[in-house]
1. Anything in the range 47-88 that is in a helix (DSSP H, G or I), touching a residue at least 40 places away in the same chain (Cβ under 8 Å) and under 27 Å from Thr26 (Cβ atoms)? List them, or say none.
2. Can you report the number of residues in the range 87-117 which are over 23 Å from Glu173 (Cα atoms) and not hydroxyl-bearing (Ser, Thr, Tyr)?
3. Do we have Val115 as within 16 Å of the ligand (Cβ to nearest atom), more than 21 Å from Ser36 (Cα to Cα) and of a type outside the set (Ser, Thr, Tyr) here?
4. Among the residues that make up the range 119-137, is at least one of them within 22 Å of Ala221 (Cβ to Cβ), β-branched (Val, Ile, Thr) and touching a residue at least 60 places away in the same chain (Cβ under 8 Å)?
5. Return the only residue of Ala202, Ala155 being touching a strand residue (DSSP E or B) at 6+ places or on another chain (Cβ under 6 Å), within 19 Å of Ala28 (Cβ to Cβ), touching a residue at least 40 places away in the same chain (Cβ under 8 Å) and away from the ligand (no atom under 12 Å from the Cβ).
6. Got at least one residue in the range 110-118 being crowded, with 17+ Cβ neighbours inside 10 Å, farther than 21 Å from Ile93 by Cα and of a type in the set (S, T, N, Q)?
7. Out of everything in the range 119-158 that is among the acidic types (Asp, Glu) and crowded, with 17+ Cβ neighbours inside 10 Å, what residue ends up being nearest to Leu213 (Cα to Cα)?
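The values are calculated or read from the model by the stated rules, or taken from the named source; none is laboratory data. What you are looking at is a predicted structure, and each value in this text was computed from that prediction instead of being measured. Cβ: placed from backbone, ideal geometry, glycine included. Neighbour counts: every protein chain shown.
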Amino acid sequence: MIDERGWKQMSFNIAIDGPAGAGKSTIAKKLAKKISFVYVDTGAMYRAMGYYFLQHGIRAEEEKKIREACENISVTLAYEGGVQKVLLNGEDISDQIRQEEVGNMASATSGYGFVRAKLLSLQQDMAAQYDVIMDGRDIGTCVLPNAQLKIFLTASVQVRAKRRYDELVEKGECCDLAEIEKDISERDYRDMHREIAPLKAAEDAVMLDSSELNIDEVVEAIYEYAKKAGLEA
Ligand code: DC
């Protein structure tokens with residue numbers, strides 16, 4: 001297969017897009033392990049940038065400062081025992097970027113074209129080199145338009161908020177379900193309505209609603225689609 005840059009594509013790529021909390025990363029990680037693919041969490045890259053802006057007291061509206069800060073940021077991925085680690089200027093910040101505040105900052109700043117441009121080639125290079133399962137918002141539409149399989153994974157706002165709530169409670173963090181639901185709705189709106197690379201399903205994506213399915217059922221469903229798309233079982 002020839003990719004959009006005219007390079008011969010040797011790898012098998014699975015793109016999973018969808019809104020926050022649909023279960024993309026849990027499912028992508030599990031499937032990647034099952035079929036020995038590299039899992040690439042692109043949200044973590046946007047979170048790493050968001051984390052940098054927060055650490056430097058830069059607000060999402062300060063476009064000029066964000067543009068300048070981009071010059072000083074290097075985001076890389078490393079794998080330890082198959083687990084993705086996100087490095088910001090060489091420092092492992094994989095745990096710090098999981099806070100809600102960082103997710104919201106990532107969402108608010110990922111609308112800038114120069115933020116997206118910074119991460120695009122890293123994502124495309126990984127997919128050209130390796131068999132990847134990559135999750136995000138624009139993977140099927142922008143990053144990997146030639147992916148052999150594209151999945152658009154959704155779930156209702158209520159289901160997604162409840163999952164997030166349970167996760168936080170399990171970690172011993174205090175939280176409010178209504179607040180999480182509001183946060184998720186706002187994030188959906190922002191991610192879907194930005195001008196550049198908004199969250200939307202590619203025309204050739206398979207639509208999967210995970211509201212009524214458990215993790216293993218979704219993993220199995222995607223695995224079956226992948227085999228139909230040419231993955232050797
Ligand atoms: O998937 P996540 O919640 O970790 O992503 C955090 C934010 O990063 C998300 O709200 C929007 C942005 N993002 C993006 O714009 N494009 C991607 N491919 C992945 C994430």
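1. Result: Arg47, Ala48, Met49, Gly50, Tyr51, Phe53, Leu54.
2. Within the range 87-117, residues that are over 23 Å from Glu173 (Cα atoms) and not hydroxyl-bearing (Ser, Thr, Tyr) number 12.
3. Here the answer is yes, as Val115 does meet what is asked.
4. For the range 119-137, residues within 22 Å of Ala221 (Cβ to Cβ), β-branched (Val, Ile, Thr) and touching a residue at least 60 places away in the same chain (Cβ under 8 Å): present.
5. When all the criteria are applied, what remains is Ala202.
6. No, the range 110-118 contains no residue that is crowded, with 17+ Cβ neighbours inside 10 Å, farther than 21 Å from Ile93 by Cα and of a type in the set (S, T, N, Q).
7. Per the criteria, the residue is Asp135.
This table checks each residue for (1) over 12 Å from Val115 (Cβ atoms); (2) among the hydrophobic types (A, V, I, L, M, F, W, C); (3) surrounded by 18 or more Cβ atoms within 10 Å (Cβ to Cβ).
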{"site": "Phe37", "(1), (2), (3)": "yes, yes, yes"}
{"site": "Val40", "(1), (2), (3)": "yes, yes, yes"}
{"site": "Tyr46", "(1), (2), (3)": "no, no, yes"}
{"site": "Leu54", "(1), (2), (3)": "yes, yes, yes"}
{"site": "Lys64", "(1), (2), (3)": "yes, no, no"}
{"site": "Ala78", "(1), (2), (3)": "yes, yes, no"}
{"site": "Gly81", "(1), (2), (3)": "yes, no, no"}
